[in-house]
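Written below as structure tokens is the structure these notes are about.
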Amino acid sequence: MDAEEIEAGRARWQARFDRSAKRDAEFRTLSGLEVEPVYGPAGDDPRFERIGWPGEYPFTRGLHATGYRGKTWTIRQFAGFGNARQTNERYKMILGAGGGGLSVAFDMPTLMGRDSDDPRSLGEVGHCGVAIDSAMDMDLLFDGIPLGDITTSMTISGPAVPIFCMYVVAAERQGVPVGRLNGTLQTDIFKEYIAQKEWLFAPEPHLRLIGDLMEFCAAEIPAYKPLSVSGYHIREAGSTAAQELAFTLADGFGYVELGLSRGLDVDVFAPGLSFFFDAHIDFFEEIAKFRAARRIWARWMRDVYGAKTDKAQWLRFHTQTAGVSLTAQQPYNNVVRTAIEALAAVLGGTNSLHTNALDEVLALPTQKAAEIALRTQQVIMEETEVVNVADPLGGSWYVEALTDRLEREAEAIFAKIRDMGSDGTMTSGILRGIEDGWFMSEIAEAAFDYQRKLEKGAKRIVGVNCHTASAEEPLEILRVSHEVEREQNRVLAERRAGRDQAAVDTALAAMVEVARGEGNMIPSMLDAVRAEATLGEICDALRGVWGVYTEPARF
Ligand SMILES: C[C@H](C(=O)O)C(=O)SCCNC(=O)CCNC(=O)[C@H](O)C(C)(C)COP(=O)(O)OP(=O)(O)OC[C@H]1O[C@@H](n2cnc3c(N)ncnc32)[C@H](O)[C@@H]1OP(=O)(O)O
């Protein structure tokens, strides 16, 4: 790009910056020097077309002209354990300590669409997250938390839609107009087949439910994000950064194709697609990954899928620091790892962030560990001054080269995925890749390669294969009592006995009728939830229509 074009771009950016709201703060270095809101080249720079200014296409440098001067990222700590009441207390602690939004972790039975009293739930209730059986649990979860004012993310994909319906019903019961809700539902079923393995049905009915949800949200809850397309679990399963980037964006393109196939307007539904990435320990590679993600997404949305508005071209993402980088050995070092990873996410322009607690490698975090994790974000946000300048590493030879390199790697992977399919769409390539176990074997190979390096000592981890001597005491960890399960089951039995069973049966039968046909599932599912049908009852009714999915055996 020549100097004149760059100057014209700078003037465009300046005009946008001037008319945007800024936080009331001093933007200076610690020693008092004034800093510009963004930096760019002084003369011509051939790379600049791909880099650009923050707030404009291709958004490599961020979505907003003001960067974090307009708004800092949302501190969104993922939390949930025991029953809804216990988790509600933790949420109040998080919000009281400066958390900006909520993020719900569900227990394994809930993630698999089973009630707490299902024989398969034994021993798991409330352990890796909160137990939610019916809308009344959702009421308790958000008791005293105004759902119209707080954005809430819910991490669940297999039974995402019934859980969403419970959330909507909890909002109705709080008197919040549903159209005012804002938040995120994970819903990303592609990554379940690829990495996390928490599905209920075969891909086809899941995609139908997701299409129904996209349609419903686009019409009724415009600010809500019905999808959080997730690379986190792909990375945690052992993928490389390039695979995380490419598989996740490919999944995102699959959901765009789903919206288009339903006749939805891309400029209306695409702002509802959000993303979720891992922040691993290779500092610069992660920053480059986030920058490449925004650029690739914007280009494909504009050029391949015809998105015209900025919001439909934006890749907005949440980041979680890498769980797999935490070590059980010398666990206090995990605070340092998490701080470095969080800083990479911030320098990469994350919109929302979870920082892991130092004990998460062993159990769900204690209150103290959860607080240190939250404070880690606050130290970065309040003390380091990194929020003063948008995309501060833009123009670095290294970071730009890595950003380009990751983009090329991702493009090569997209081409492979598309080629695997039968009709040139990303969706058919993804489905074929799932069926053939291609994604899994690519990830397994990368994980194996990493493990080999670790075992040979070519990759070093402090406290694990180097610098192992330590005088540290074992950590106190959080243990969820089995009493939680007994109590949850007692309450569930009471609720079943107290509800209008005929209303439940009628609502479930009406929902099954829709499932057998072609209509949108959301209204009838909402009715079943309003009648206090349980998650397990709703999912079992649908299993009766759609069956269950078993992964093809592979050797
Ligand atoms: C590992 C674990 C497991 O497996 O169990 C998990 O999965 S945990 C998974 C946990 N997952 C999550 O927690 C997912 C969280 N995701 C989200 O919160 C969302 O999807 C998100 C990534 C889009 C972030 O949403 P958010 O509301 O926090 O933040 P946003 O960036 O959208 O900002 C809120 C509003 O402020 C505006 N805004 C932001 N920055 C600026 C700025 N500089 N100038 C002007 N406006 C600005 C945005 O455009 C938006 O308004 P407007 O809307 O009007 O544009």
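Table for the structure above
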quantity: Hits in the stretch 252-270 - residues which are in contact with a Ser or Thr (Cβ under 8 Å, 6 or more places away or on another chain) and either at pLDDT below 95 or within 16 Å of the ligand (Cβ to nearest atom) (or both); calculated: D267
quantity: Single unsatisfied condition, F59 versus (1) within 11 Å of the ligand (Cβ to nearest atom); (2) within 21 Å of D391 (Cβ to Cβ); (3) of a type in the set (A, V, I, L, M, F, W, C); calculated: (1)
quantity: Residue within the stretch 369-380 that is assigned to a loop (DSSP other than H, G, I, E, B), farther than 13 Å from Q320 by Cα, small (G, A, S) and within 15 Å of the ligand (Cβ to nearest atom) present; calculated: no
quantity: Filtered residues of the stretch 487-517 (kept if within 32 Å of the chain's Cα centre (by Cα) and either modelled with pLDDT under 95 or assigned to a helix (DSSP H, G or I) (or both)); calculated: E487, Q488, N489, V491, L492, A507, L508, M511, V512, V514, A515, R516
quantity: Count of the stretch 299-320 residues which are more than 25 Å from H354 (Cα to Cα) and buried (at least 20 other Cβ atoms within 10 Å of the Cβ); calculated: 3
quantity: Condition met for A105 (small (G, A, S), more than 16 Å from the ligand (Cβ to nearest atom) and touching a residue at least 40 places away in the same chain (Cβ under 8 Å)); calculated: no
quantity: Pair list, Cβ under 7 Å, 6 or more apart: the stretch 238-266 residue surrounded by 24 or more Cβ atoms within 10 Å (Cβ to Cβ) and acidic (D, E), other residue part of a helix (DSSP H, G or I) and modelled with pLDDT of 95 or more; calculated: E244/I234; E244/R235; D251/F190; D251/K191; D251/I430
quantity: Boolean, T327 is assigned to a helix (DSSP H, G or I) and among the β-branched types (V, I, T); calculated: no
quantity: Flag if N83 is under 22 Å from the mean Cα position of the chain (by Cα) and under 30 Å from E483 (Cβ atoms); calculated: no
quantity: Answer residue from the stretch 109-131, given it is within 10 Å of the ligand (Cβ to nearest atom) and at pLDDT 95 or above and is farthest from H482 (Cα to Cα) among those; calculated: L111
quantity: Residue in the stretch 34-46 that is in contact (Cβ under 8 Å) with a residue 40 or more places away in the chain, surrounded by 15 or more Cβ atoms within 10 Å (Cβ to Cβ) and either at positive phi or among the charged types (D, E, K, R) (or both) present; calculated: yes
quantity: Hits in the stretch 354-372 - residues which are under 12 Å from I94 (Cβ atoms) and of a type in the set (K, R); calculated: none
quantity: Selection within the stretch 11-53 - more than 30 Å from E383 (Cβ to Cβ) and at pLDDT 95 or above; calculated: A11, R12, A15
quantity: Number of positions in the stretch 297-323 that are in contact with a His (Cβ under 8 Å, 6 or more places away or on another chain) and among the β-branched types (V, I, T); calculated: 2
quantity: E360 part of a helix (DSSP H, G or I), under 29 Å from S153 (Cα atoms) and among the acidic types (D, E); calculated: no
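Condition check ((1) outside any helix (DSSP H, G or I); (2) at pLDDT below 95) across all residues:
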| position | (1), (2) |
| --- | --- |
| S470 | yes, yes |
| L475 | yes, yes |
| V480 | yes, yes |
| G519 | yes, no |
| D540 | no, no |
| R543 | no, no |
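Yes/no matrix, rows are residues, columns are (1) buried (at least 22 other Cβ atoms within 10 Å of the Cβ); (2) within 11 Å of the ligand (Cβ to nearest atom):
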residue	(1), (2)
W297	yes, no
A322	no, yes
T327	no, no
V335	no, no
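The values are calculated or read from the model by the stated rules, or taken from the named source; none is laboratory data. For clarity, every value in this text was computed on a predicted model and none was experimentally measured. In this analysis, Cβ positions are derived from the backbone assuming ideal geometry, glycine residues included, and neighbour counts consider all displayed protein chains.
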